[in-house]
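Encoded as structure tokens, the structure appears first; notes follow it.
The values are calculated or read from the model by the stated rules, or taken from the named source; none is laboratory data. The shown structure was predicted, so the numbers you read here are calculated from the model rather than taken from an experiment. Please note: Cβ atoms are built from the backbone with ideal geometry, for glycine as well, and neighbour counts cover all protein chains shown. Just the protein is used for accessible areas: all its heavy atoms, side chains included, with ligands, DNA and RNA removed. Shrake-Rupley method; radii C 1.70, N 1.55, O 1.52, S 1.80 Å.
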Amino acid sequence: MQHLKTHYHPDITSLEGKSIIKRLTTRSIAMQGDYILLMYTARYEDYSLPGGGLDEGEDIITGMMRELREETGATGITNITPYGTYEEYRPWYKPTHDIQHMISYCYTCEVHKELGTASLERYETSNGMKAVGIPIQEAIAHNEHTIATSSKKGMSIERETFLLKHIANTL
């Protein structure tokens with residue numbers, strides 16, 4: 001799979017002597033014309049690709065499909081194709097490690113136009129997450145505005161905006 005980017009959070013100045021925990025995740029790219037299926041998170045005022053962490057020992061494709069179904073209610077997931085990986089190093093919030101090394105495996109796929117019922121986790125619901133189909137350029141412009149003006153932005157918006165721009169330029 002093509003490596004797209006390695007990103008270091010601004011607070012990460014060195015990996016030397018740091019305790020690092022690795023997290024493997026998936027991201028789904030489901031487009032219909034200029035529209036892309038994304039998650040909008042009210043808490044962070046941003047759009048992101050559906051996805052999340054792999055369970056221990058879970059196959060990447062199985063995890064991608066599970067996350068996509070859970071977050072969006074997507075059905076009829078077909079034509080799954082590797083798109084690329086995005087690596088990031090960010091501060092870890094638990095005392096067991098200093099840094100999280102996250103690798104996101106991104107895949108394109110097709111889904112049925114009608115979505116089923118999502119089964120969001122409690123924190124996702126409390127963060128105001130919801131699945132939306134939106135023109136990709138509109139999502140990029142929204143995220144760029146959030147980066148420029150919002151104090152609410154989370155650590156993932158840089159990744160998501162990079163990926164959305166890359167997708168818009170290649171698909």
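Using DSSP to define loop residues, name the chymotrypsin sites (Phe, Trp or Tyr not before Pro) in the range 85-125 whose beta-carbon has at most 12 other beta-carbon atoms within 10 Å.
Counting only loop positions with at most 12 other Cβ atoms within 10 Å, the chymotrypsin sites (Phe, Trp or Tyr not before Pro) in the range 85-125 are Tyr93.
So between Thr117 and His9, what do we pick up on full extension, going 0.36 nm a residue minus the alpha carbon distance?
The Thr117-His9 span can extend by a further 35.4 nm.
Along the Cα→Cβ direction, 7 angstrom out, place labels at Thr96 and Met155. What is the inter-label distance in nm?
1.5
Roll a 1.4 Å probe over the protein chains and send me the accessible area per residue for the chain in Å².
53
Carbon and sulfur atoms: what percent of the 1.4 Å accessible area of the range 28-151 do they account for?
50
Net charge near Glu160: determine it from the other residues with C-beta under 13 Å of the C-beta of Glu160, scoring Lys and Arg +1 and Asp and Glu -1.
Net charge in that neighbourhood comes out at 0.
Cut-off under 29 Å on the C-alpha distance; same-chain residues fewer than 8 positions from Lys5 excluded. Which lysines are left, in chain and number order?
Straight-line reach from Lys5, under 29 Å: Lys18, Lys22, Lys94, Lys130, Lys152, Lys153, Lys165.
For the range 1-102, run through the GluC sites (Glu not before Pro) and keep only the ones in DSSP coil with at most 16 other Cβ atoms within 10 Å of their Cβ.
Hits after loop and neighbour filter: Glu16, Glu56, Glu58.
Only Cα pairs under 8 Å and at least 6 apart count here; give the relative contact order of the range 1-143 as a rounded whole percent.
36
Can you send over the solvent-accessible area of His101, 1.4 Å probe, protein chains only, in Å² to the nearest 10?
Result for His101: roughly 20 Å² accessible.
Compute the distance in nm between two label points, each set 7 Å from the Cα along the Cα-to-Cβ direction, one at Ile103 and one at Ile134.
Placing both labels 7 Å beyond Cα along the Cβ direction yields 3.0 nm.
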